[in-house]
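This report refers to the structure that appears directly beneath it.
The values are calculated or read from the model by the stated rules, or taken from the named source; none is laboratory data. Nothing here was measured: the structure is a model prediction, and the numbers come from that model. Reconstructed Cβ throughout: ideal geometry from the backbone, glycine too, with neighbour counts over all protein chains shown.
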Amino acid sequence: MPPRKPRAAPRRSYAERPLPTLQFNHPLPYGAVLRDKGVQFVVYSHSATGMRVLLYDRVNDTEPAEVIQLDPSRDRWGDIWSILVPGLAPGQLYHLQADGPFDPAHGQRFDGRARLIDPYARALAGDFLTDRDEVLVPPKCVVIDDAFDWQGDRHLRRALADTVIYELHVRGFTASPSSGVAHPGTYLGVIEKIPYLKSLGVTAVELMPVHEFPPQPIPPARAGRGNYWGYDPLAFFAPHRGYAAGSEPGDQVREFKEMVRALHAAGIEVILDVVFNHTAEGNGDGPTVSMKGLENRVYYMLADGGATYRNYSGCGNTVNGNHPIVRELIFLCLRHWVHNFHVDGFRFDLASILSRDRNGDILPNPPIVELITEDPLLADTKIIAEAWDAAGAYQVGSFASLRWAEWNGKYRDDVRRYWKGDPGFTGQVATRLAGSSDLYSGQERQPYHSINFVTSHDGFTLADLVSHSRKHNEANGEGNRDGDDNNFSDNHGAEGASDDATINALRSRQVRNLLATLLLSQGVPMLEAGDECRRTQGGNNNAYCQDNAVSWFDWSLVETHSDLIRFVRELLRFRLGNPTLRRREFLRGVGDAGDAPPDVEWFSAAGGDVDWNQGDSSLTCFFTAATVENVQKEDAAGTWGLPRNVLILLHAGQAPVEFVFPRGDAVRNLPWRWFVDTRQPAPFDVHADARGPLVAPSEPLLMPPGSLVCLVADPVPPAPRRIAMQAAQGVSSPESVGGVPRRLAPPP
């Protein structure tokens, strides 16, 4: 296809405002900046030969009311174009327009007719339109006043080790009629569901992309599928207008801030899933709506002399994140969200792309990664990498430095495969339970650098993971070719929904096994919204285009599966009340000091040493209660509870196995109580506050295939205090406590 001819700037009867000849043109910051006398428009372009600001009166106008022409001799400072337009106010709508060379073979794609979204726009308004010449008119940029009554709100600064992340989609969380909220599918809808989030016990929400994106394919390519997830950014600085309840330009900015303020008031942090790896402009066949028309060769990674786009994102183009200009944009964008919106952290989608130079090679010390790492304004924020990309880079365990946590994809896969029953994964699941030291200890990191998850938006929900052996993405319209085929899932006897009581009981047990493993592991757990009530997507493991009941949170499930929600709540309450599960340092398997017991021990089902080479699917894990010194060091505020001993029995084998209580007085002499037992139906699957009946190590414990038990014991105090406590409890003999026989199974 021959390259298009360059198009000249429009020659129309636009009103052109005569501006004062003497102005003080601020060359920074970028974007549309409010000044005392008007608005300063500042944009970068090295190769542009002309620059205009198009002003609009109404959101749906296809023609500008005024055109402000910048004078290169007066309004250009180096490669920065800047002009102060007096008389403008917040809410003003605008586009940019740039003249310059059109030479696609060498990476130049200026188009004098294209209406351009300001890369630093603080908000967008309206939809894609076309003007009278059939030229694409993208959503309009909005001049924003960042003033907001935060009512004293500040970042919560919760330690990463004390965090439980809940990944949710702003629209999908309340879009269903079952949500019962006044403003479904919006930032305000999330506010209405804060009592549920707080009651569940999560400490942070990780919001799928909320920066501006086109919900539908950009015209004229109308035949494509929708973009429900939001991984197709148009404007990095702007909250998505589609999630606002109000319809006035800029309402989304205010409502997003209201949501953050309300979540903080409830003790819940806000982490943003950010996409700095590609944009909605796509490859050479995509539209020119923003950075392509300002400096294509700078903003994107190009190949073949600039004729083609490097594609490490799988979406057609790749942002040139380590170019100084783009690096500055990303850096200022993060500061914008932290300072103006009070967000508490970021999860970087396909973060390995940030490790690539403009030729696509992996850098040992990427400038943008170092900049984010060292920035003082971001010092209180959580920084999380999805440490891979779509072109084969996989850096889990080796991304960046101490500042960065990572989505631990190996945790997900190993835990799934262990509970699926794949042989040879007992050692791996032990490593994941203990915080993945194989990945992080050599990098001088700690367990909390591992973001543990079993499911996320990308893949099966937890309910589907135990109900489907293969993906079912036919509704996406791609012949079921999209989505990952390596799910490590199991339908447990029937594909999809089943009326078989035996199958459903096994699935219920496996859901609890996976959740308990996740929430009892060292590291930082992340739950996918709806997993706590068995939300299903009908086997669709790539619902990126499903803005419907397939993806939406069905709030009727909260009542239907209230027993599972109770299970999750108790696990979260226990986790956040027990520093033993939130270690700041890796377990060593040896005593902390003096004659203290090892901080972790592993036992076979027979109660002895584990033969890690045998391939046995049975394992007992003993986490010794953190020492008082460690608790004081880790939690100076004293707000996160006292340490307790934890004993976890896991059995993923295909036949029942008798577990013998671990040998040694250090374990046997502790006052163990029942906490979790996935063998049992609700309500005996979990005991409130981990204060179930007392347990005695006198008889074997029969574990059916696919089952988990967790026992909890308070540390045994020194002898004089212990005797007094036993007398107070009415202990009459080693075989009974308070006159109740000790047992290894809870009462029926």
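Just a few scattered comments:
- Residue within segment 212-219 that is under 19 Å from the mean Cα position of the chain (by Cα), modelled with pLDDT of 95 or more, of a type in the set (D, E, K, R) and over 19 Å from ALA114 (Cβ atoms) present: no
- Residue within segment 208-217 that is without any contact (Cβ under 8 Å) to a residue 40 or more places away in the chain, over 20 Å from ALA549 (Cα atoms), assigned to a loop (DSSP other than H, G, I, E, B) and not β-branched (Val, Ile, Thr) present: yes
Residue by residue, here is whether (1) in a loop (DSSP other than H, G, I, E, B); (2) under 25 Å from LEU515 (Cβ atoms); (3) at pLDDT below 95; (4) not assigned by TED's automatic domain parsing to the domain that holds ARG347 holds:
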position: GLY185; (1), (2), (3), (4): yes, no, no, no
position: VAL190; (1), (2), (3), (4): no, yes, no, no
position: SER199; (1), (2), (3), (4): no, yes, no, no
position: ALA221; (1), (2), (3), (4): yes, no, yes, no
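- Hits in segment 129-144 - residues which are in a loop (DSSP other than H, G, I, E, B) and at pLDDT 95 or above: PRO138, PRO139, VAL143, ILE144
- Scanning segment 629-658 for residues that are at pLDDT 75 or above, not in a loop (DSSP other than H, G, I, E, B) and not hydrophobic (A, V, I, L, M, F, W, C) gives ASN645, HIS651, GLU658.
- From the list PRO376, PRO364, the lone residue that is free of Cβ contacts under 8 Å to residues at least 24 places away in the same chain, of a type outside the set (A, V, I, L, M, F, W, C) and farther than 27 Å from VAL260 by Cα is PRO364.
- Residues (surrounded by 13 or more Cβ atoms within 10 Å (Cβ to Cβ) and at negative phi) located in segment 485-494: ASN487, SER489, ASP490, ASN491, ALA494
- For segment 322-359, the candidate set comprises residues that are in contact with a Lys or Arg (Cβ under 8 Å, 6 or more places away or on another chain) and buried (at least 23 other Cβ atoms within 10 Å of the Cβ); within that set, the residue that is nearest to ALA393 (Cα to Cα) is PHE346.
- Tabulated pairs, segment 66-87, first at positive phi, second buried (at least 16 other Cβ atoms within 10 Å of the Cβ) and not acidic (Asp, Glu), C-beta under 7 angstrom, 6+ apart or interchain: GLY87/GLY38
- Residue check, THR203 touching a residue at least 60 places away in the same chain (Cβ under 8 Å), under 19 Å from ASP344 (Cα atoms) and polar (S, T, N, Q): yes
- Taking each residue of segment 145-163 that is touching a residue at least 12 places away in the same chain (Cβ under 8 Å) and in a loop (DSSP other than H, G, I, E, B) and looking for partners that are of a type in the set (Gly, Ala, Ser) and surrounded by 12 or more Cβ atoms within 10 Å (Cβ to Cβ) with beta-carbon atoms closer than 7 Å, six or more apart or interchain, yields LEU156/GLY267; THR163/ALA204.
- Out of ARG122, ARG58, one residue alone is over 16 Å from LYS292 (Cβ atoms), part of a loop (DSSP other than H, G, I, E, B), among the basic types (Lys, Arg) and without any contact (Cβ under 8 Å) to a residue 40 or more places away in the chain. It is ARG58.
- Looking across segment 262-294, the residues that are in contact with a helix residue (DSSP H, G or I) (Cβ under 7 Å, 6 or more places away or on another chain) and either within 22 Å of ILE353 (Cα to Cα) or not assigned by TED's automatic domain parsing to the domain that holds ILE384 (or both) come down to LEU272, PHE276, ASN277, GLU281, GLY284, MET291.
- Every pair of residues 6+ apart whose Cβ atoms lie under 9 Å, when the first sits in segment 496-508 and is free of Cβ contacts under 8 Å to residues at least 12 places away in the same chain and closer than 16 Å to HIS561 by Cα while the second is surrounded by fewer than 17 Cβ atoms within 10 Å (Cβ to Cβ) and hydroxyl-bearing (Ser, Thr, Tyr): ASN504/SER498
- Among the residues of segment 40-54, those that are more than 11 Å from SER82 (Cβ to Cβ), out of contact with any His (no Cβ under 6 Å at 6 or more places or on another chain) and in a strand (DSSP E or B) comprise GLY50, ARG52.
- When residues of segment 659-705 are limited to those that are small (Gly, Ala, Ser) and either crowded, with 20+ Cβ neighbours inside 10 Å or not in a helix (DSSP H, G or I) (or both), the one farthest from the chain's Cα centre (by Cα): SER698
- Unique residue being more than 21 Å from LEU378 (Cα to Cα), without any contact (Cβ under 8 Å) to a residue 24 or more places away in the chain and out of contact with any Leu (no Cβ under 7 Å at 6 or more places or on another chain) when the list is GLY282, GLY242, GLY224, GLY286: GLY224
- Some residue of segment 247-260 being modelled with pLDDT of 95 or more, out of contact with any His (no Cβ under 9 Å at 6 or more places or on another chain), assigned to a loop (DSSP other than H, G, I, E, B) and among the hydrophobic types (A, V, I, L, M, F, W, C): no
- Complete set of residues in segment 542-551 that are more than 17 Å from the chain's Cα centre (by Cα) and either buried (at least 21 other Cβ atoms within 10 Å of the Cβ) or under 17 Å from VAL454 (Cα atoms) (or both): CYS545, GLN546, ASP547
- Some residue of segment 251-261 being within 19 Å of the chain's Cα centre (by Cα), within 22 Å of TRP404 (Cβ to Cβ), outside the structural domain of TYR94 (by TED's automatic domain parsing) and among the aromatic types (Phe, Trp, Tyr): no
- Here GLU281 passes the criteria (1) out of contact with any Asp or Glu (no Cβ under 8 Å at 6 or more places or on another chain); (2) farther than 24 Å from ALA32 by Cβ; (3) part of a loop (DSSP other than H, G, I, E, B) except the one numbered (2).
- Residues of segment 204-217 that are over 18 Å from GLU255 (Cα atoms) and surrounded by 21 or more Cβ atoms within 10 Å (Cβ to Cβ): ALA204, PRO214.
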